[in-house]
Amino acid sequence: MISILPEPKHLIHHDGSTRAFTHLRLTADDVDALTPDEVRDLAVLRFHNYPGIFADAPDAFPVHVHQGSIEDAAVNLAKPEMFAEQGYVLDIRDDGVRLSAQARDGLINGLTSLKQLLAEREVHGDNPPGTLSLPTCLMVDYPSIPVRAVAPTFSWYAGYGRIGFDMQLWGYDEWELFLHQCVDQKINQLNMVMYGYWPFEFPEYPETSFTDIPVEVWNQENGRFIKVKYSHPNVADNYLPRFIELAHRMGVKIMAYVGLNSYNGGWTIAHPEKRMIPPAGSDFLNDFDSVCLSDKESVNYILTAMRRIAELGFDGYTLEESEEGFWFCTCERCTERWGQHADTPGEAKHQANLELLMKIREEVRQVNPDIIIGIRAFRQPPLEKDPAWLQATADALPDDIVLFWAPALYVPPTEFQKWVKAFGKHRIWARDTESNSITSTMGRLYRTFESNMIRYGDEPNVQVIERDIEQHIGSVEADVHGINGYIFEWFGLFLHLFAHGNYGWGSRLEQDEFFARVGTTTFGPALGARVLRVMREILTIHESQIPLYTTPFPFQSNKMTDADIPRIEQAVANHEPLLTEIRAIRAELQVNPRLKVWSKHFDRLENAERRNRVIYDLVLAALAYEREREPEKRDLLLDEVLHLNERDFDIAKEMFFDLMPVGWTGVRSCMMPYHEMKRLIHNLRHPEDTDNDIICSGIEALGWLWLSDKDAS
């Protein structure tokens, strides 16, 4: 059975295979604007993990690449224009392979499928030792929609809520490998998130660049934190030009996912006087992400920053409005220009941002007239929009401004249809497929499936991989221009990439079948089933879910109760077998030259599962504290919670870099709940000497507090 992903549109498997071989002999005609030598170079690039496979040896299996035409398809094409732009025909017979494509992107997709077929038979163990083979088949394939994007993090709230983690710490080699893995899933756009200090040099405004930022890192050798200065790897090595060039060779656009007046470099950290002015007497914590748009110097800074991004070679922008939609700048100039003409602060913000958007559009089009400009906006409550308001909003935007957000969750399905009707399907490039980004808020714990949570059905935030898949299917059904899937964190969370690729391509595979195919095609049938079982069975409770943790954390907010104890005890019993299996899987991956690239994912899962076991005990102790009425015993139970909090943090320190609160904005934040747990317990014990300096579990939580406010929703 051929099970490669993304699922091909038309596949005839001839139930046979080619002879065994060790090399491929590639010949080529001109394809599109590519010469035969350029076709060969592209093939070598796509087979990067099969170095030296192309050779002119007499016994090498022949592969011929030629210019395709619509007649090559020989099947009914639902999307002939997509077949012409990105499709291919792959015909594998006993005597050789013929690959045709009409365009460069189709050739890349065809070469990718050829490599996947080769890898699938290899991982299944279908070949004699030391050899390769291919299934005999005919494949006519093309995507259902033009753009399949993912959004990885290049920097994320750097300086505002954290320093960096996971892919935010990568150098060129890691990004190169990730790019290949994206193209393996036929992803053709990366929306690179850059929030906070700019991950590139910015000579005009050096104070806003991610350069020599002070950070405390754990020194395991001496058992203490040490203070160092850290620069983003791209600032240190300037690999971004090489990376963009490589992406373009493989047909991948690189977009800058940045704020539309929010978290634009370190400007509002270095210049707090430039921030928006909140309403007098308000208790909004986030008064630091946006600048006052009546300040000409700040507007000029934003325009210069956007121009710098265009000059760096990015193909476009995903400009995100601040999630702080409940207030707007109250300075005299902003009130006179926008505030007094709007019914709500959110409307005033939209109007001010629209004017800024038009200035950005004019500025960056001077650098690149074809640069793509998209926005993520209009997301705040009320979530169900008035159709007349939607249409007026759409009409106010130039037609070349596209949307990188449209609704799906927390609203009826008809809401998405309203947006498609108002803005036009050609302008919808993404939806609310953020389950990976929600996991990335959780202090390096693990969450992918509904099954990874207790009482998923009660959670206000419903973002899991199952919901992402449903949205992608709906997007393809609506025939929109593109999808975007979040990959804010890579290690341990790789299933999301496969989901975004497969369902963005147009597959309608039933979800369980899809997950099984990921395991089978990536790791082989036996090992793949074990990998999937582990990823489904891990049970994650966020530390904030105990009753005494009263600081809001909206991303996994069910408070644990005594009724949850049986499920927790079940997870305790399952822990040792699960941890043993994670380690066994990793050991098998590490000794397999082709699969060892996946082993680091299981380093992450091992750390998460070890922390889970401690957190289970922490939750049980915290629930016992809630039941206990005798003061001395309650105090002992708080000691136990604190001890387990330390143990949880000790395990995190073994692996992770970004562990300490960041407070340069005036609001302290850390993705590890450890610090806030200590503050809360101090206040329980010392009401006469309370510490009121909250440590948010990530400042991204501040824009989501509406999720638990039904009136606001």
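Brief remarks on what is shown
- Selection status of ALA394, small (Gly, Ala, Ser), crowded, with 22+ Cβ neighbours inside 10 Å, out of contact with any strand residue (DSSP E or B) (no Cβ under 7 Å at 6 or more places or on another chain) and modelled with pLDDT of 95 or more: no
- Residue check for GLY313: at positive phi, under 25 Å from the mean Cα position of the chain (by Cα) and not in a helix (DSSP H, G or I): yes
- In this entry, VAL662 is excluded by the filter for residues that are buried (at least 21 other Cβ atoms within 10 Å of the Cβ), of a type outside the set (Phe, Trp, Tyr) and farther than 30 Å from HIS271 by Cβ.
- Residue ranges of helices (runs of 4 or more DSSP H) in the stretch 418-516 with at least 3 members of a type in the set (Ser, Thr, Tyr): 435-439
- Count of the stretch 21-43 residues, restricted to those that are surrounded by fewer than 16 Cβ atoms within 10 Å (Cβ to Cβ) and of a type outside the set (Ser, Thr, Tyr), is 7.
- Scanning the stretch 176-216 for residues that are hydroxyl-bearing (Ser, Thr, Tyr) and touching a helix residue (DSSP H, G or I) at 6+ places or on another chain (Cβ under 8 Å) yields TYR197, TYR205, THR208, SER209, THR211.
- Pairs meeting the criteria (first residue in the stretch 214-225 and over 13 Å from PHE649 (Cα atoms), second residue loosely packed, with under 10 Cβ neighbours inside 10 Å and of a type in the set (Lys, Arg), beta carbons under 8 Å, at least 6 apart or on different chains) are PRO214/LYS227; PRO214/LYS229; VAL215/LYS227; VAL215/LYS229; GLU216/LYS227.
- Residue match in the stretch 122-129 (condition: more than 19 Å from PRO593 (Cα to Cα), out of contact with any Cys (no Cβ under 8 Å at 6 or more places or on another chain), crowded, with 16+ Cβ neighbours inside 10 Å and touching a residue at least 12 places away in the same chain (Cβ under 8 Å)): no
For (1) closer than 23 Å to ASP166 by Cβ; (2) surrounded by fewer than 21 Cβ atoms within 10 Å (Cβ to Cβ); (3) in the same structural domain as LYS425 (by TED's automatic domain parsing), each residue gets a yes or a no:
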residue	(1), (2), (3)
ARG447	yes, no, yes
TYR456	no, yes, yes
VAL464	yes, no, yes
GLY492	yes, no, yes
PHE498	yes, no, yes
GLY501	yes, no, yes
VAL518	yes, no, no
ALA526	no, yes, no
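- Only one of the numbered conditions (1) assigned to a strand (DSSP E or B); (2) in the same structural domain as GLU434 (by TED's automatic domain parsing) is not met by HIS64, and that is (2).
Every residue, every condition in (1) within 30 Å of ILE108 (Cα to Cα); (2) crowded, with 16+ Cβ neighbours inside 10 Å; (3) at pLDDT 95 or above, yes or no:
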{"position": "ASN191", "(1), (2), (3)": "yes, yes, yes"}
{"position": "MET194", "(1), (2), (3)": "yes, yes, yes"}
{"position": "TYR197", "(1), (2), (3)": "no, yes, yes"}
{"position": "TYR205", "(1), (2), (3)": "no, yes, yes"}
{"position": "ASN219", "(1), (2), (3)": "no, no, yes"}
{"position": "GLY223", "(1), (2), (3)": "no, no, yes"}
{"position": "SER231", "(1), (2), (3)": "no, yes, yes"}
{"position": "VAL235", "(1), (2), (3)": "no, yes, yes"}
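- Flag for PHE553 being surrounded by 22 or more Cβ atoms within 10 Å (Cβ to Cβ) and either more than 23 Å from the chain's Cα centre (by Cα) or assigned to a helix (DSSP H, G or I) (or both): no
- Only listed residue being at positive phi and modelled with pLDDT of 95 or more, chosen from ARG447, ARG467, ARG427, ARG455: ARG455
- Residue count, the stretch 292-336 (criterion: surrounded by fewer than 16 Cβ atoms within 10 Å (Cβ to Cβ) and touching a Pro at 6+ places or on another chain (Cβ under 6 Å)): 0
- In the stretch 665-689, residue nearest to the chain's Cα centre (by Cα) [restricted to those that are outside any loop (DSSP other than H, G, I, E, B) and within 29 Å of ALA270 (Cβ to Cβ)]: SER669
- Flag for ALA84 being in the same structural domain as ASP126 (by TED's automatic domain parsing), of a type in the set (A, V, I, L, M, F, W, C) and part of a loop (DSSP other than H, G, I, E, B): no
- Failed criterion for GLN168 (all others in (1) of a type in the set (S, T, N, Q); (2) surrounded by fewer than 24 Cβ atoms within 10 Å (Cβ to Cβ); (3) not in a strand (DSSP E or B) hold): (2)
- The set of residues in the stretch 250-309 that are within 23 Å of GLU336 (Cβ to Cβ) and part of a strand (DSSP E or B) comprises LEU260, ARG275, VAL291.
- Any chance ASP237 is closer than 30 Å to ASP370 by Cα, of a type in the set (Asp, Glu) and touching a strand residue (DSSP E or B) at 6+ places or on another chain (Cβ under 8 Å): no
The values are calculated or read from the model by the stated rules, or taken from the named source; none is laboratory data. The structure presented is a predicted model; accordingly, all values stated were derived computationally and were not measured. Reconstructed Cβ throughout: ideal geometry from the backbone, glycine too, with neighbour counts over all protein chains shown.
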